[in-house]
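Undergrad: Got a structure for you, questions after.
Read the figures in this text as sums done on the coordinates, not as results from a lab. Quick caveat: nothing in here was measured; it's all calculated off a predicted structure. So basically every Cβ, Gly included, is an ideal-geometry build from the backbone, and we count neighbours across all protein chains shown.
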Amino acid sequence: MFCCVGNDDDLREVTIGKDGAFASMTPGSVFVDHTTASAQVARELAKTAEESGFDFIDAPVSGGQAGAENGILTIMCGGKADAFEKLGNTLDAYARSVRLLGPAGSGQLAKMVNQICIAGLLQGLAKGIHFAQRAGLDVEAVLDVISKGAAGSWQMENRGKTMTQGKFDFGFAVDWMRKDLSICLAESRRNGASLGAAAFAARRPDCFGLRLADVIALRRRSFANDFQSALHET
């Protein structure tokens, strides 16, 4: 069985809540969850599944709407190796990269790393575009040339041009990124990691009036000073 919902509470509701999916799972079967949720809930549900004789794989995805539509998602998995092997090539139907990274919760932890990296890349790209505009440069020309060098990234290739054109009505909503980064921050408090940039991004997007806009809409505000303040606070 496969599942993808919004957050920890949604996941608990559809699995162990009233009429939850876990009640219909048969011994030896595998429940695959594509939700971006906490590692804690993944471990909790994996334990519940084990006690009932089936397996739970936390398998958050990366690649966005386009990745899903084109079947080229990246899937980060956590769970038992034998349960993962039972899936065979099933996930390959909509993913180009699938990997088991460790026990239950490992997929969610890897997704946190992914979101932290994306947040940093987007903030850097937004500030770079803002600087280029203020400097009077041809922004698209600048992005074209630097994307061929060390500054190049998926975000620059796929989001740089739309950012300069003010197109923000597609992709991954700020609300979801904020939710994801809040999960990252909660985990960082447990493991002692310092995430100043993620802390800034997690607490500020709705102040921009961009709650339903694409994450890249963060470029509409120059936030260099606030960003640096967040780094010093953490």
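Undergrad: Fewest Cβ neighbours within 10 Å first, please rank 129, 75 accordingly.
TA: 129, 75
Undergrad: Where does each of 90, 35 land when they are ranked from fewest to most other beta-carbon atoms within 10 angstrom?
TA: 90, 35
Undergrad: My understanding is that a pair violates if its Cα-Cα distance is over 23 Å; which of 18/111; 86/179; 148/179; 127/148 do that in this structure?
TA: Those over the limit are 18/111; 86/179; 148/179.
Undergrad: Quick check on the exposure proxy: order 189, 96 from fewest to most C-beta atoms within 10 angstrom.
TA: By the 10 Å Cβ count, ascending, the order reads 189, 96.
Undergrad: Between Rg and the Kirkwood Rh of the stretch 2-103, both from Cα atoms, what is the Rg to Rh ratio?
TA: Rounded to two decimals, Rg over Rh is 0.95.
Undergrad: Quick one: dipole size for the stretch 2-103, taken about the Cα centre, charges +1 on Lys/Arg Cβ and -1 on Asp/Glu Cβ, in debye to the nearest 20.
TA: In debye, rounded to 20, the stretch 2-103 gives about 240.
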